[in-house]
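A quick write-up on the structure given underneath.
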Amino acid sequence: MKYRGMRDGRTDRRAVLMAMAATALGSSATTAMAAETGVTDKSIKVGQSAVFTGPAKDFGVDYKAGISLYFDRINKAGGVFERKLELVSLDDAYEPKKTAENTARLIDEEKVFALIGYVATGNLIAAMPLAEKAGVPMFAPLVGTTSFRTTHNRYLFHVRASYETELRKIVGHLATLGISNIAVIYQNSAFGKSNLETCLQIAQGLKVKVVESVPMEIAATDAKAQVAQLTKAQPGAVVMIVAGKMVEVFLRDYRAGGGAAPLYTISVGITDAPGSAQRLNGGIEGLVTASIVPSPQASRLPIVVDYRKDRTDAGAKIDSYTMLEGYIAARVFVEGLKRAGRNLTREAFIKAMEDMGTTKFGDFPVQYGPNNHNGSNFVDLEMYTRTGSLRR
């Protein structure tokens, strides 16, 4: 007896095989759609290229320490949708060419989901075309250069305030003090030159005259010539657009050369303040710095309280503004992962970040939208004491 619709055994077998094939193809398609580069059922791989050797190494070392501290907190709690966060960090020694090579390796060989914690303007310039071409999100670079904020890039998300915001705070403060002429010492690099231009524009708008601007090399061990040129101009204050050890070199020679005008630096000036204070025999005293995160040691904001507890529990030796910045950046990044949902893709992450709006992370506010990837506007001015601590 034959049932309706089953003319013979051959037709029946053919129908069954076709149905099985369709089911298999559907399953494969679903798996392919669910899979994203750098994402497995157990992990999310994130890449970083930063400076871990040389005069500017404190920036990369401290920033990574902060990112890792928060990633460890999340991993101990079970990860993001049961996926552990894996950070692959490569040293670029502050060299843009090496940054580009590392970025290609992270994208093509390590197969990372996203990039995080890059350091320095020139290095980000070298990396961004590669990230953009591959559709890989670039998150929270330790870079505040204005051009990265004014030109929208859907793959680039900032957390820290811009250098323009910092310089506006510094020059605006000087203007309110009645200081009408300043000098600028700037790093002879893409970072220094671009932010010198920003400083000049801000000063002009505030009717503050820049009477002298002098470049300084990244690897400089002597700044006597720069000090002589700046002091000759007799500025009411000196604004420093240099990073790391360069600040220490300039401070040493400025104090020794009898420099009297007050000194102001942007946030990337000094990372190891207690060490600098000791090496300069207290010569750091009186230096005013822009800070783009609250005090790691004194702030009562919940996010900083969490940072201090996690740092103590981990027995971390590093404790700096840059480490706290990395911790905050990682927290914002993880929130983006959570909001993207269990079926994590790069596009879902980007949309989740753009839908975040204004969000407070332990009372530290950031803001994102489809046309705004700039994050925080927090900037404060603080002064170093003789021992390297900061006070408002």
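The values are calculated or read from the model by the stated rules, or taken from the named source; none is laboratory data. Since we're looking at a predicted model, the values are computed, not measured. Virtual Cβ from ideal backbone geometry, glycine too; neighbours counted across all protein chains shown.
Here are some notes:
- Residue in the range 150-158 that is among the basic types (Lys, Arg), crowded, with 23+ Cβ neighbours inside 10 Å and either in the same structural domain as Val238 (by TED's automatic domain parsing) or at pLDDT 95 or above (or both) present: no
- Helices (runs of 4 or more DSSP H) wholly inside the range 1-111 containing at least 2 residues that are at pLDDT 50 or above, touching a helix residue (DSSP H, G or I) at 6+ places or on another chain (Cβ under 9 Å) and not hydrophobic (A, V, I, L, M, F, W, C): 57-76, 96-108
- Residue selected from the range 255-279 under the condition touching a helix residue (DSSP H, G or I) at 6+ places or on another chain (Cβ under 6 Å) and over 20 Å from His173 (Cβ atoms), by the criterion surrounded by the most Cβ atoms within 10 Å (Cβ to Cβ): Thr271
- Residues that are surrounded by 17 or more Cβ atoms within 10 Å (Cβ to Cβ), assigned to a helix (DSSP H, G or I) and either free of Cβ contacts under 8 Å to residues at least 40 places away in the same chain or touching a Lys or Arg at 6+ places or on another chain (Cβ under 8 Å) (or both), drawn from the range 169-192: Ala175
- Of everything in the range 158-176 that is among the small types (Gly, Ala, Ser) and out of contact with any Gly (no Cβ under 9 Å at 6 or more places or on another chain), the residue that is nearest to Ile328 (Cα to Cα) is Gly172.
- Selected residue (only one of Ala93, Ala127, Ala114, Ala140 is buried (at least 24 other Cβ atoms within 10 Å of the Cβ) and at positive phi): Ala140
- Taking the conditions (1) within 23 Å of Met383 (Cα to Cα); (2) assigned to a loop (DSSP other than H, G, I, E, B); (3) not hydrophobic (A, V, I, L, M, F, W, C) in turn, Arg154 satisfies each one other than (1).
- Taken as a whole, the range 220-227 holds no residue that is buried (at least 20 other Cβ atoms within 10 Å of the Cβ), in contact with a Gly (Cβ under 9 Å, 6 or more places away or on another chain), hydrophobic (A, V, I, L, M, F, W, C) and at pLDDT below 95.
- Flag if Tyr155 is touching a Gly at 6+ places or on another chain (Cβ under 6 Å) and not acidic (Asp, Glu): no
- Ile202 meets the stated requirement of being closer than 18 Å to Leu174 by Cβ, touching a Lys or Arg at 6+ places or on another chain (Cβ under 6 Å) and not assigned by TED's automatic domain parsing to the domain that holds Pro96.
- All of Met246, Met216 fail the test of being crowded, with 19+ Cβ neighbours inside 10 Å and out of contact with any helix residue (DSSP H, G or I) (no Cβ under 8 Å at 6 or more places or on another chain), apart from Met246.
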